[in-house]
Amino acid sequence: MTKTNVIQEKSFAFAVKVVQAVRRIRKQERDFELTGQLLRSATSIGANVEEAIGAYSPNDFQYKFSISYKEARETNYWLRLMEETEMLDDKNAKELLMDCEELLKILGSILKTLKANNS
């Protein structure tokens, strides 16, 4: 039986929600450039978590989590922009922003722990 990895599961679930939101926006033939930016950064969060899990060294592990954190920050920006410009409806934007904030808190906590352990 495999262990549950909260950040792995949450980052994947978040990516799925973003992909679904982007599909809805694109069906309405709305801006593709911003949706592409959002899609890249949001899916990169979980991809870098996966890479961290398979890291070959503690430094690589920390580096991949730091990239995930930066991608989550970028995703937060695109979501706020898309909410403010009404590309995302309020309900969907609020849900995605809450999920993104949760990922930022988890990733931030992981990075703090890693940095404290390396001191």
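Working carefully through the options Phe61, Phe65, find the one that is in a helix (DSSP H, G or I), hydrophobic (A, V, I, L, M, F, W, C) and more than 15 Å from the chain's Cα centre (by Cα).
Only one candidate passes the filter, namely Phe61.
Can you go through Ala42, Ala21 and tell me which one is buried (at least 19 other Cβ atoms within 10 Å of the Cβ) and in contact with a Ser or Thr (Cβ under 7 Å, 6 or more places away or on another chain)?
Exactly one residue qualifies, and that residue is Ala42.
May I ask you to verify whether Leu114 is modelled with pLDDT under 95, of a type in the set (A, V, I, L, M), touching a helix residue (DSSP H, G or I) at 6+ places or on another chain (Cβ under 6 Å) and assigned to a helix (DSSP H, G or I)?
yes
The conditions are (1) in a helix (DSSP H, G or I); (2) free of Cβ contacts under 8 Å to residues at least 40 places away in the same chain, and Tyr56 fails exactly one of them. Which is it?
Failing condition for Tyr56: (1).
If the requirement is being at pLDDT below 95, basic (Lys, Arg), within 18 Å of the chain's Cα centre (by Cα) and in a helix (DSSP H, G or I), which of these qualifies: Arg40, Arg23, Arg80?
Exactly one of Arg40, Arg23, Arg80 is at pLDDT below 95, basic (Lys, Arg), within 18 Å of the chain's Cα centre (by Cα) and in a helix (DSSP H, G or I), namely Arg23.
Taking the stretch 1-11, which residues are modelled with pLDDT of 90 or more and either more than 24 Å from Leu81 (Cβ to Cβ) or exposed (fewer than 13 other Cβ atoms within 10 Å of the Cβ) (or both)?
Asn5, Val6, Ile7, Gln8, Glu9
The values are calculated or read from the model by the stated rules, or taken from the named source; none is laboratory data. If you're wondering where the values come from, they're calculated on a predicted model, not measured in any experiment. Heads up, the Cβs are rebuilt from the backbone with ideal geometry, glycines too, and the neighbour counts pull from every protein chain shown.
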